[in-house]
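See below for the structure under consideration.
The values are calculated or read from the model by the stated rules, or taken from the named source; none is laboratory data. Source: prediction; values computed, not measured. In this analysis, Cβ positions are derived from the backbone assuming ideal geometry, glycine residues included, and neighbour counts consider all displayed protein chains. With ligands, DNA and RNA removed, areas are computed over all heavy atoms of the protein, side chains included. Shrake-Rupley method; radii C 1.70, N 1.55, O 1.52, S 1.80 Å.
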Amino acid sequence: MPTLPARALLLAPMVELSHRPLRQLISSFGSCDRYYTEMTSAAGYLAHSPFDRWFTDSEPEPARTAVQLYASEPGPMIEAAARLVQERGLSGTPLGGLDANFGCSAPQIEKAGGGVSWMKDAARAATMLAGIKSAAPGVPLSAKLRLGYDESREALVDFCLALQEAGVDYLVIHPRLWNAKFRRIGRWDSVRAVAEALDIPVVGNGDVRDYPGYRTAIDEYGVAGVMIGREAVRRPWIFSLLRGKEADPAFELSVQVEDVGLGMIESIRALLPRSFHVSRARRFFFYYCDNLSFGHHIRYAIQNCDDLDGMVRLFSAYFSEVPSDRVLLER
Ligand SMILES: Cc1cc2nc3c(=O)[nH]c(=O)nc-3n(C[C@H](O)[C@H](O)[C@H](O)COP(=O)(O)O)c2cc1C
């Protein structure tokens, strides 16, 4: 059975955003093919860090949710993979996949040898992935990477070939150099070069926001699937919209924008620990407010609000003032 369905749609791992409430919300619109958890420190998980059960939680669809791990050494990555397999075996919860973070460029992680820093040494990265593969047999294994440290497409392709050789099931490429910010345009032609050179599926990620963007990724850059991050927070119905448009170009979706936002606050309250509430809600609304005609005011107010009840009041008050924003017709 293929690890990914054709033209797969994946939710990106995003710190403080790719949690159970977001997956639940996306799932309520019709789901995507694979979800990723936010990155979890392998060493922290092995040390029983108190919040890891929320970071590695893969409900409500564990069979299609990959847990993303990061570390600066191979040992903790392999051990954490083995422990996850063991724990999931005991609890009877499927482990939908494991992903190695080879893309994080946050200075404290990159400087310590984690995240994108793995791209400096293909042999080391490949050995580590082979270790995970034997520690977690049968669990789909991916790595999510950037373009690396220099412009060389040849070096990128060689790096990816080494990972393929190590037994990784598919790769996700976010085509920006190791420290490039979002304002720089992603280089999707590099994704195509890797997709052409490899036998395993290559998923593209970065700046896909709508149906034409999804089609361009699949048709012009030859990827096996598309991973979406920020747009899936802005519009948690994006996967459903893309699938709908694929089946019928006239597809339309009517979204209850107020209800979705208020529902998200209640999911955060119900499903995440109290110390996560404000930060996760602020992060979500930072993007979600783009759906509103006067989103900048309410976004600012929510970013400065210190409790969920206050956010509910602010968000509801907005729609009393601008009732026409309650329903959004996506077409
Ligand atoms: C708030 C935020 C947190 C992120 N956290 C992670 C992470 O934990 N692991 C990871 O591999 N990438 C992380 N990323 C990068 C995304 O997975 C993705 O590669 C990037 O946002 C580009 O995709 P997009 O244009 O669809 O958003 C993060 C991005 C954002 C905006």
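The helices (runs of 4 or more DSSP H) found wholly in the stretch 9-128 and carrying at least 2 residues that are more than 15 Å from the ligand (Cβ to nearest atom) occupy 20-28, 42-46, 74-91.
Inside the stretch 18-45, residues that are open to solvent by 10 Å² or more (accessible area, probe 1.4 Å), of a type in the set (A, V, I, L, M) and closer than 18 Å to residue 267 by Cβ make up a count of 1. Consider the stretch 224-249 and keep the residues that are small (Gly, Ala, Ser) and free of Cβ contacts under 8 Å to residues at least 40 places away in the same chain. The one that is farthest from residue 27 (Cα to Cα) is 247. Only one of the numbered conditions (1) under 30 Å from residue 200 (Cβ atoms); (2) touching a residue at least 12 places away in the same chain (Cβ under 8 Å) is violated by residue 315, and that is (1).
Scanning the stretch 50-64 for residues that are under 16 Å from residue 16 (Cα atoms) and either surrounded by fewer than 16 Cβ atoms within 10 Å (Cβ to Cβ) or touching a residue at least 40 places away in the same chain (Cβ under 8 Å) (or both) gives 50, 51, 53, 54, 59. On the stretch given as the stretch 167-188, residues that are out of contact with any helix residue (DSSP H, G or I) (no Cβ under 7 Å at 6 or more places or on another chain) and small (Gly, Ala, Ser) total 2. Taking residues in the stretch 206-223 that are within 14 Å of the ligand (Cβ to nearest atom), and partners anywhere that are open to solvent by less than 50 Å² (accessible area, probe 1.4 Å) and at pLDDT below 95, the pairs with Cβ atoms closer than 6 Å and at least 6 places apart or on different chains are 206/186; 207/186. Selection within the stretch 109-123: residues that are surrounded by 15 or more Cβ atoms within 10 Å (Cβ to Cβ) and in contact (Cβ under 8 Å) with a residue 40 or more places away in the chain. The member of this set that is farthest from residue 38 (Cα to Cα) is 122. The lone criterion from (1) over 25 Å from residue 16 (Cα atoms); (2) out of contact with any Ser or Thr (no Cβ under 9 Å at 6 or more places or on another chain); (3) charged (D, E, K, R) left unmet by residue 299 is number (1). With respect to residue 223, is the statement that it is on the phi < 0 side of the Ramachandran plot and assigned to a loop (DSSP other than H, G, I, E, B) true? For residue 223, the condition - on the phi < 0 side of the Ramachandran plot and assigned to a loop (DSSP other than H, G, I, E, B) - is met. Considering (1) within 13 Å of the chain's Cα centre (by Cα); (2) under 18 Å from residue 125 (Cα atoms), the lone condition that residue 66 does not fulfil carries the number (2). A single member of 98, 84 is at pLDDT 95 or above, under 17 Å from residue 33 (Cβ atoms) and either in contact with a Phe, Trp or Tyr (Cβ under 7 Å, 6 or more places away or on another chain) or open to solvent by less than 40 Å² (accessible area, probe 1.4 Å) (or both), and it is 98.
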